[in-house]
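In what follows, a single structure is set out as structure tokens and then discussed.
The values are calculated or read from the model by the stated rules, or taken from the named source; none is laboratory data. Please read all numbers here as calculations on a predicted model, not as lab measurements. Here Cβ is always computed from backbone atoms with ideal geometry, including for glycine, and neighbour counts include all displayed protein chains.
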Amino acid sequence: MNLLFMGVQGSGKGTQSKIISEKFGIAHISTGDLLRGASEQLRKEIDSHINVGYLVPDELMLKVLKERLSFEDCKKGFILDGYPRNLVQAKKLDEITSIDEVIEIQISDEEAVIRAIYRVTCGKCGKRYNTKTNIPKKSGFCDKCGSALTKRADDNEQAMLKRIGIYHNETEPILKHYKSVKINETQKIEKVTEDILIALNKF
């Protein structure tokens, strides 16, 4: 089962990707993890672009993804979270693998902005909190591992509105390229998971 989870930043697609991947024993591949886990040779190529402020080119991203899909944990399937970001990347992806289903996690643009403004993340284990709706027990520290929570410099309204615009203009066209289903995220996490499982006919 090869899945693609889509949604504007802050939609909760990362959270749901992890839940579903653990439930079915398939790999969860986020863009950040993908780049960080690349082999030494590919890592050098990636850094040569990132270190001078450029985005990683599509062809290089495809090389990194192809390498990752060859790992043992992808044999039963995988969930892509954050890639592809545009139709060109989606068509390149088709050259190396197939996607069985696309799950679009939906929230309003307004909700996405609010989530970004109040979002903080554990620098050690990656657990995310929201200082308005999902408050850590001890302010500024992770409930899970006790490490300090940090806030991304670009988690502000202006930057988020820019990211939302890019998502609508460049990423959403992918939904017409694949078979996709929309999931309402403005529910409890467990209900969102249930809706995804029903959509996948696995519930």
Among (1) more than 30 Å from K91 (Cα to Cα); (2) in contact with a strand residue (DSSP E or B) (Cβ under 7 Å, 6 or more places away or on another chain), Y178 falls short only on (1)
Residue check: is V120 touching a Phe, Trp or Tyr at 6+ places or on another chain (Cβ under 6 Å), surrounded by 12 or more Cβ atoms within 10 Å (Cβ to Cβ) and not in a loop (DSSP other than H, G, I, E, B)? yes
Among the residues of the stretch 150-167, count how many are of a type in the set (D, E), loosely packed, with under 13 Cβ neighbours inside 10 Å and in a loop (DSSP other than H, G, I, E, B). 1
Select from the stretch 126-143 the residues that are closer than 14 Å to T15 by Cβ and either free of Cβ contacts under 8 Å to residues at least 60 places away in the same chain or part of a loop (DSSP other than H, G, I, E, B) (or both) and list them in ascending order. G126, K127, Y129, N130, T133, N134
Between residues in the stretch 175-186 that are surrounded by fewer than 16 Cβ atoms within 10 Å (Cβ to Cβ) and residues that are part of a loop (DSSP other than H, G, I, E, B), which pairs lie under 7 Å by C-beta distance while being six or more apart or on different chains? T186/I107
The one condition in (1) part of a helix (DSSP H, G or I); (2) exposed (fewer than 12 other Cβ atoms within 10 Å of the Cβ); (3) not small (G, A, S) that L55 fails to fulfil: (1)
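Assess whether A90 counts as being in a loop (DSSP other than H, G, I, E, B) and closer than 24 Å to M1 by Cα. Walk me through how you get there before you give the answer.
Numbers: in a loop (DSSP other than H, G, I, E, B): no; closer than 24 Å to M1 by Cα: yes.
It is false that A90 is in a loop (DSSP other than H, G, I, E, B) and closer than 24 Å to M1 by Cα.
Could you look through the stretch 173-195, keep only residues that are assigned to a loop (DSSP other than H, G, I, E, B) and under 18 Å from the mean Cα position of the chain (by Cα), and pick out the one that is nearest to I19 (Cα to Cα)?
By that ranking, first place goes to E185.
Quick one: count up the residues across the stretch 66-85 that are under 21 Å from Y167 (Cα atoms) and among the hydrophobic types (A, V, I, L, M, F, W, C).
Looking only at the stretch 66-85, we keep the residues that are under 21 Å from Y167 (Cα atoms), and these are 79-85.
Keeping just the survivors that are among the hydrophobic types (A, V, I, L, M, F, W, C) gives 79-80.
Looking only at that region, the number is 2.
Condition check ((1) part of a helix (DSSP H, G or I); (2) surrounded by 15 or more Cβ atoms within 10 Å (Cβ to Cβ); (3) β-branched (V, I, T)) across all residues:
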residue: L62; (1), (2), (3): yes, yes, no
residue: I79; (1), (2), (3): no, yes, yes
residue: I105; (1), (2), (3): no, yes, yes
residue: I114; (1), (2), (3): yes, yes, yes
Considering the stretch 16-43 alone, what residues qualify as being surrounded by fewer than 20 Cβ atoms within 10 Å (Cβ to Cβ), part of a helix (DSSP H, G or I) and at pLDDT 90 or above? K18, I19, E22, K23, F24, L42
